[in-house]
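Q: One structure coming up, written as structure tokens, with questions to follow.
The values are calculated or read from the model by the stated rules, or taken from the named source; none is laboratory data. Quantities reported herein were computed from a predicted structural model and do not represent experimental measurements. Methodologically, a virtual Cβ is constructed for each residue, glycine included, from the backbone with ideal geometry; neighbour enumeration extends over all protein chains shown.
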Amino acid sequence: MYVWLLISVFETLSVLCSRRNITTSAVTTTTTANNTSLIHDITKVLDTILLNQDKNFRPLNPDPKSPLQVEIDISVRSMGPISEHQMEFSLDCYFRQKWLDRRLAFSPFGSREDLPLASKTLRDIWTPDTLTIKTKCKMFFKKFPMDAQACPIEIGSLGYYSKDVIYVWKDVELDAKMSNMLSQYQLLDVIKTSYNISDPRFANLNMSILKVYFKLQRQQGFYILQIYTPCTLIVVMSWVSFWINKEASPARVALGIMTVLSMSTLGFGSRSDLPKVSHSTALDIYMLSCFGFVFAALVEYAVINYAYILYIQKKIEKMRLFSASLMGAGREAVEGSVSLNVKPRPWYRRLFGHKQERRSVFYRMAVKAAKARQKLRMKDPAYVVNRIDSASKIVFPTLYILFNIIYWVAFLYYIPDEINSLI
């Protein structure tokens with residue numbers, strides 16, 4: 001009776017995703033010897049089975065044409081930090097490989113069906129030449145800071161094709177405490193895949209590749225407190241100018257300029273954590289929209305100030321034309337009354353009537369002009385332009401609330417994540 005010796009290699013992998021490095025194996029085995037005879041028996045068995053071992057050739061299956069299967073098991077202990085600038089992440093995990101080598105079979109002795117091995121034994125047996133092929137974390141920022149990222153690890157063989165060695169997943173375990181170690185991200189899912197890639201040098205040869213995606217969702221708490229909330233407060237502060245008297249130009253202009261400069265400063269600082277990408281992000285859209293609201297509030301005062309000046313000029317022009325028309329009508333009335341009075345008049349009217357009639361005509365003209373001036377004084381010229389301020393008090397908050405509803409609903413629920421095309 002023979003017992004097949006299953007070699008399980010435990011490796012601790014620390015991956016820095018911008019490098020393509022071959023995984024360094026560290027075998028963690030403990031040798032426990034209770035008595036001298038057990039050690040002697042184990043040594044004898046090992047010496048026997050290692051005589052038939054050639055570490056330069058892979059183990060063969062009963063069917064020599066079938067490939068050797070290597071099972072991969074990863075136990076993730078911690079993840080992070082994750083760098084957006086370098087697009088890399090670090091990962092601490094236990095990396096285990098398991099394969100069946102029938103050349104290490106031995107006859108059981110006593111009650112022992114397996115043997116603990118020292119780490120130096122691995123130098124004398126065949127082990128898979130597993131390496132990390134690709135660990136670059138390509139990141140997408142169009143939905144930043146509501147984006148999701150998928151950081152991959154690709155595992156394959158350095159020199160064996162799929163006709164000789166194939167890799168299969170056993171499991172990818174996550175430490176229960178790992179979610180608390182990521183300050184900016186939340187680990188949503190682990191997606192395991194396997195596929196073959198062709199060798200460009202040999203069209204009919206493929207290599208077995210395993211890939212695991214760590215799907216991460218960015219947490220928005222930091223950005224809501226540090227960017228979105230200040231932007232909203234600055235926009236609301238710009239609306240205060242609608243309640244300031246239009247004649248208080250220094251106050252309204254100073255408030256408008258201060259809010260515009262505050263938005264500019266906040267906008268430049270918001271991209272400090274991101275690489276220099278050519279496209280706009282969700283945060284850029286929000287900040288540009290807020291900047292537009294703040295700038296529009298400043299332009300609104302310029303509009304009402306210009307409208308107020310035009311209104312005054314228009315009223316002055318109307319007053320001038322009205323006075324000119326009254327003077328012209330008075331002259332025509334006097335000339336008409338003189339030319340049409342052909343009927344003989346009494347001597348006293350001929351003596352005093354002409355002067356009295358002229359006085360009555362000019363008196364009526366003066367009364368009409370005084371009433372027009374009084375009406376212009378009593379009616380506030382700012383009434384028309386005040387309606388712009390009154391409308392702005394309603395239109396600006398309504399549009400801003402509507403913009404926020406569309407923005408958050410669209411980016412949280414309707415615009416898909418860019419990583420969906422990868423996994």
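Q: Considering only the stretch 396-403, I want to know if a residue exists there that is closer than 30 Å to LEU216 by Cβ, touching a Ser or Thr at 6+ places or on another chain (Cβ under 8 Å), at pLDDT 65 or above and of a type outside the set (Ser, Thr, Tyr).
A: Within the stretch 396-403, one or more residues are closer than 30 Å to LEU216 by Cβ, touching a Ser or Thr at 6+ places or on another chain (Cβ under 8 Å), at pLDDT 65 or above and of a type outside the set (Ser, Thr, Tyr).
Q: Of (1) in contact with a Leu (Cβ under 9 Å, 6 or more places away or on another chain); (2) not aromatic (Phe, Trp, Tyr); (3) not in a loop (DSSP other than H, G, I, E, B), LEU210 satisfies all except one. Which?
A: In the conditions (1) in contact with a Leu (Cβ under 9 Å, 6 or more places away or on another chain); (2) not aromatic (Phe, Trp, Tyr); (3) not in a loop (DSSP other than H, G, I, E, B), LEU210 misses (1) alone.
This table checks each residue for (1) in a helix (DSSP H, G or I); (2) of a type in the set (D, E, K, R); (3) closer than 18 Å to PHE396 by Cα; (4) modelled with pLDDT under 90.
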{"site": "SER272", "(1), (2), (3), (4)": "no, no, no, yes"}
{"site": "VAL277", "(1), (2), (3), (4)": "no, no, no, yes"}
{"site": "ASP284", "(1), (2), (3), (4)": "yes, yes, no, no"}
{"site": "VAL299", "(1), (2), (3), (4)": "yes, no, yes, no"}
{"site": "ILE304", "(1), (2), (3), (4)": "yes, no, yes, yes"}
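Q: Residues VAL76, VAL9: which one is surrounded by 11 or more Cβ atoms within 10 Å (Cβ to Cβ), outside any loop (DSSP other than H, G, I, E, B) and at pLDDT 80 or above?
A: Values: VAL9 fails: at pLDDT 80 or above.
Criteria check complete, one pass: VAL76.
Q: Would you be able to say whether some residue in the stretch 123-142 is touching a Cys at 6+ places or on another chain (Cβ under 8 Å) and crowded, with 18+ Cβ neighbours inside 10 Å? Please lay out each step first, then the result.
A: Quick first cut of the stretch 123-142, residues touching a Cys at 6+ places or on another chain (Cβ under 8 Å) only: 135-137.
With the extra rule that they be crowded, with 18+ Cβ neighbours inside 10 Å, the set shrinks to 135, 137.
The answer is yes; a qualifying residue exists.
Q: Which of (1) more than 30 Å from LYS163 (Cα to Cα); (2) not in a helix (DSSP H, G or I) does TRP239 not meet, given it meets every other one?
A: (2)
Q: Does VAL240 fit the bill of being at pLDDT 95 or above, on the phi < 0 side of the Ramachandran plot and surrounded by 12 or more Cβ atoms within 10 Å (Cβ to Cβ)?
A: Working: at pLDDT 95 or above: no; on the phi < 0 side of the Ramachandran plot: yes; surrounded by 12 or more Cβ atoms within 10 Å (Cβ to Cβ): yes.
No: the conditions fail for VAL240.
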